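J.: Handing you a structure now.
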């Protein structure tokens, strides 16, 4: 993927990047080094990408109130403390209060040093998916500096990640009222309209975003899906093909390309597109379902039945995954156990990218009784079970580097080196294990 565009409000994200690169390493007993997705030394550009890519799945509909109420801990934790707050209750600034903010290169010069530091911390918390801290800091800033546009944008992105689309819409629309020139940064607002089923509004907003940022794959994808929902299949097809020109491995665009072709009656083309989508995202149920339907229409009922059975399994895993991710966003008391369950699910589906993210959460959320070496061994075990050699090798290297004084680490490394046919590594790990084990038994 190409380097993310540095958007106008990156004065704030420059502080985030500086804070990440300059901060001392956190104590391993509370915040071990992340496994995959959040690295120390995060740059401003990487933080921008994390914030702009707030909608990897714009097709997730807003949860129904009844479903939320039945979800137990999710419902209670999602409306306690700062989670009970709403953007509409914040104080409002005069219409022209921030009219010149984006005429300057450093938007953060409009707030004081303490506020800048707190806003940077809010951004770092967002990247770590610590949304409670993000909201607490962002609300505090917006109480002191009503409608400060970068904070409103942060608020909107946070509520999108929490799937509270109405609240995200409120925050984004207030942002645009004060910073209309920054519409290119608000693709998540289009995702919210789409998730709420407001397809005409989504279409109109995506058109504005694409006009400002014509090569944004996510905005183009959202525009294409809105056209699909409104019945413009030709427009949707052209839009999805444009996304795939910009980003050939865009799994969701490939999946919906198959959907549009299927809806247009092109079963063979849809089958080929769906098979490609399944390779890109084996944990996504949509390609599996489309493949089964295409095979049936092409007369291969036996293969269709087999794929349909596999689709049901994938769909069940996807549903459980979405439920757990929704709960984890609020960090309930059983967060560590939920993160471990995510590791199991992503390992089962061989979804290496999302497995890395789940392992990061396990590392961040581990309780005092769980050691870092246990988390590192878990990572090696999971990547090895996935059959992803490179990821497993990386996990083994990190285990060796970060847990060099741990007996269990070297015992597991001895097994790893044996499994990959590295006799020198196996001998070295075995010697380290015996040396450390002898010291423990004295």
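The values are calculated or read from the model by the stated rules, or taken from the named source; none is laboratory data. Keep in mind that what you see is a predicted model, and the values were worked out from it rather than measured. Backbone-built Cβ (ideal geometry, glycine too); neighbour counts: all protein chains shown.
J.: Kindly indicate whether residue 88 is assigned by TED's automatic domain parsing to the domain that holds residue 174, surrounded by fewer than 21 Cβ atoms within 10 Å (Cβ to Cβ) and touching a helix residue (DSSP H, G or I) at 6+ places or on another chain (Cβ under 6 Å). Working first, answer last.
T.: Numbers: assigned by TED's automatic domain parsing to the domain that holds residue 174: yes; surrounded by fewer than 21 Cβ atoms within 10 Å (Cβ to Cβ): yes; touching a helix residue (DSSP H, G or I) at 6+ places or on another chain (Cβ under 6 Å): yes.
When the stated conditions are applied, residue 88 passes them.
J.: Consider residue 343 carefully, then state whether it is more than 21 Å from residue 284 (Cβ to Cβ), touching a helix residue (DSSP H, G or I) at 6+ places or on another chain (Cβ under 6 Å), surrounded by 15 or more Cβ atoms within 10 Å (Cβ to Cβ) and not assigned by TED's automatic domain parsing to the domain that holds residue 129.
T.: no
J.: Residue 229: more than 29 Å from residue 101 (Cα to Cα), crowded, with 24+ Cβ neighbours inside 10 Å, out of contact with any strand residue (DSSP E or B) (no Cβ under 8 Å at 6 or more places or on another chain) and in contact (Cβ under 8 Å) with a residue 24 or more places away in the chain, yes or no? Working first, answer last.
T.: On the way: more than 29 Å from residue 101 (Cα to Cα): yes; crowded, with 24+ Cβ neighbours inside 10 Å: no; out of contact with any strand residue (DSSP E or B) (no Cβ under 8 Å at 6 or more places or on another chain): yes; in contact (Cβ under 8 Å) with a residue 24 or more places away in the chain: yes.
No; evaluated as a whole, the condition is false for this residue.
J.: Looking at residue 284 and the list (1) within 25 Å of residue 384 (Cα to Cα); (2) surrounded by fewer than 21 Cβ atoms within 10 Å (Cβ to Cβ), which single condition is not satisfied?
T.: (2)
J.: Within region 282-293, count every residue that is outside any helix (DSSP H, G or I) and either farther than 19 Å from residue 355 by Cβ or in contact (Cβ under 8 Å) with a residue 40 or more places away in the chain (or both). Reasoning before the result, please.
T.: So in region 282-293, the residues outside any helix (DSSP H, G or I) come out as 282-284.
Restricting the remaining residues to those that are either farther than 19 Å from residue 355 by Cβ or in contact (Cβ under 8 Å) with a residue 40 or more places away in the chain (or both) gives 282-283.
Number of matching residues: 2.
J.: If a residue has to be part of a helix (DSSP H, G or I) and surrounded by fewer than 13 Cβ atoms within 10 Å (Cβ to Cβ) to count, how many in region 94-116 make the cut?
T.: Residues meeting the conditions: 4.
J.: Looking at 211, 252, 272, which is the one that is without any contact (Cβ under 8 Å) to a residue 40 or more places away in the chain, out of contact with any strand residue (DSSP E or B) (no Cβ under 9 Å at 6 or more places or on another chain) and within 24 Å of residue 315 (Cα to Cα)? First the steps, then the outcome.
T.: Details: 211 fails: within 24 Å of residue 315 (Cα to Cα); 252 fails: without any contact (Cβ under 8 Å) to a residue 40 or more places away in the chain.
Unique residue meeting the criteria: 272.
J.: Now for a different question. Just to confirm my filter: which helices (runs of 4 or more DSSP H) fall fully inside region 358-442 and include at least 3 residues that are without any contact (Cβ under 8 Å) to a residue 12 or more places away in the chain and in the same structural domain as residue 344 (by TED's automatic domain parsing)?
T.: Output list reads 389-402, 423-440.
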